[in-house]
Amino acid sequence: ARGELVTQSDFLIIESLSKEYETNPNVDKNYLVVYLGRLLLITLVFLSLFWFIYYFRKDILINSRQTIFTLGLIVVMVGLTRAASNHEAVSIYVIPFVLVPIFLKTFFDIRYALFVHMVTLLLAGFWVPNSYQFVLMNFLAGLVGVFSLRSYYKRGILFYTAIFVLGSYAIIYIILTLLQEGDFSQIDWINVLWLSGNGLLILTVYPLIFLFERLFGFLSDATLFEMSDTNQPLLRSLAEKAPGTFQH
């Protein structure tokens, strides 16, 4: 009824009714129309991505490896969300969506990274119960991750990025829960633990960047920094045999 508070038991009953309604073939519901509507929405989302790339990063459309890499990231993250939403043993909060903008910022630019990040979240939002909370949390955490990871030159920057992202996840989750429930006792601290695992997965950025560089032929700032090391044999030989050229 209007104005009635939804308790935890009421919420579970409503969720159970929703699942039963969606899986019961006897319900008078045209699933073909439902799937068609979902397909149209997904098509619109991909069209918006195509238009953005066409007008701002046309070079990505020309390079098949860059296109495959972008689409692959989207498909993998949406697939993980779909799998986690169907298995109660794993929470959707542990999926590290922050990696998407970090990888794309590393190999492309920050504007492209954030746009693809939003597209990925909109697509993944089809499979989660509370889409608004899901998209808001992950998008803000993605902003924090991208802007806190300013440089790959400092060894501890990735550790600080993981802490900042974890803190932003926890704060946003707690605030949204308080806005919905109005009670500290309703905060599910298990989800906060899942978010902690999410933050730890950010530490896999460096090895994954190295892997993607080898698979797709990309070049990151970290690799350029390694190549500029004067202890490299070629640069050391240049310094010995042609010091003037080396100084230039």
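The label-point distance for THR7 and GLU213, in a model that sets each label 7 Å from Cα toward Cβ, rounds to 5.8 nm. Computed on protein heavy atoms with a 1.4 Å probe, the accessible areas place LYS105, LYS241 in the order LYS241, LYS105, largest first.
By its C-alpha gyration tensor, with a ≥ b ≥ c as the square roots of the eigenvalues, how is the range 23-109 shaped: rounded for a/c under 1.5, else prolate for a/b larger than b/c, else oblate? Oblate. Rg and Dmax, both from the Cα atoms of the range 117-230 and both in Å, are 17.0, 59.
Placing +1 on each Lys and Arg Cβ and -1 on each Asp and Glu Cβ, with no other charges, gives the range 73-174 a dipole about its Cα centre of roughly 340 debye. The Cα trace of the chain gives Rg and Dmax of 22.6, 85 Å, the first to one decimal, the second as a whole number.
Residue order by solvent-accessible surface for VAL146, VAL34 is VAL34, VAL146, largest first, with ligands and nucleic acids left out and a 1.4 Å probe.
Here's the picture: charge each Lys and Arg Cβ at +1 and each Asp and Glu Cβ at -1 in the chain, and of LEU201, GLN247, TYR173 the one pushed furthest to the positive end of that dipole is GLN247. Among 156-162, 97-103, sorting by the average number of other beta carbon atoms lying within 10 angstrom of each residue, highest first, gives 97-103, 156-162. Reported value for the range 95-179: 83 Å³ per residue, from the convex hull of its C-alpha atoms.
Here the translational diffusion coefficient of the range 173-213 follows from Stokes-Einstein with Rh set to the Kirkwood radius across Cα pairs; for 25 °C and 0.890 mPa s it amounts to 201 µm²/s.
Of all the options GLN186, GLN232, GLN133, the one that moves most in a Gaussian network model of the chain with Cα springs shorter than 10 angstrom is GLN232. Of the candidates LEU215, LEU200, LEU104, which one comes out as most mobile in a Gaussian network treatment of the chain with C-alpha springs shorter than 10 Å? Of the options given, LEU215 has the highest mean-square fluctuation.
Comparing Cα centroids, the range 98-129 and the range 63-96 end up 11 angstrom apart. Straight-distance candidates among the aspartates and glutamates for linking to LYS241, with alpha-carbon spacing under 18 Å and chain neighbours fewer than 8 residues away dropped: ASP229.
Within the listed set LEU41, LEU235, LEU122, the Gaussian network model of the chain (springs between alpha-carbon atoms below 10 Å) gives the highest mean-square fluctuation for LEU235.
The values are calculated or read from the model by the stated rules, or taken from the named source; none is laboratory data. Model, not experiment: these values are computed from the prediction. Quick reminder, even Gly has a Cβ in these numbers, built from the backbone with ideal geometry, and neighbours come from all protein chains shown. Please note that ligands, DNA and RNA were not included when accessible areas were found on the heavy atoms of the full protein model with its side chains. Shrake-Rupley method; radii C 1.70, N 1.55, O 1.52, S 1.80 Å.
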